[in-house]
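Student: Sharing a structure, written as structure tokens. Questions coming.
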Amino acid sequence: MKTWWIKKVAMFILFGAAIIALVGFAVMFLWNWLIPEIFNGPTVTYWQAMGLLLLSHILVRGWHGHGGGWRSHKWKHRMEEKLASMTPEEREKFKEEWRRRCGQYPGDEKKEA
């Protein structure tokens, strides 16, 4: 029974490594095909392409893997719950403090448009 799981995990790791390698080659191919011709930029090696792929992942999605999307929704939900439990006076005081510290309350841009 254990050998079945070991084989399954090994295949998963090999498959994942193959996918990552293929994506790296795709990035290298596309970069070397487009960038030098369009922008007169340099060509990249496979490892530079993997570095670019990692850098773009960090810049777009962040370190957390979920890109903050799940976390931002959780944060928004908690903030809405907190505001809903406040009295109107507490809510306005909170918004004024937010404006003082941050310059603008997140709901203000909707009112201005």
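Student: Are any of the residues in the stretch 20-31 modelled with pLDDT under 95 and not in a helix (DSSP H, G or I)?
Tutor: The answer is no, given that none of the residues of the stretch 20-31 is modelled with pLDDT under 95 and not in a helix (DSSP H, G or I).
Student: Name the residues in the stretch 47-69 that are surrounded by 13 or more Cβ atoms within 10 Å (Cβ to Cβ) and modelled with pLDDT of 85 or more, would you?
Tutor: Hits for the stretch 47-69 are Q48, A49, M50, G51, L52, L53, H57.
Student: List the residue pairs whose Cβ atoms are under 6 Å apart, where the first residue sits in the stretch 21-36 and is over 13 Å from L54 (Cα atoms), the second is at pLDDT below 95, and the two are 6 or more positions apart or on different chains.
Tutor: From the stretch 21-36, the pairs are I35/G41.
The values are calculated or read from the model by the stated rules, or taken from the named source; none is laboratory data. In this text the structure is predicted, and so the values were computed from the model without any measurement. Every residue, glycine as well, gets a Cβ built from its backbone with ideal geometry; the counts of neighbours run over all protein chains shown.
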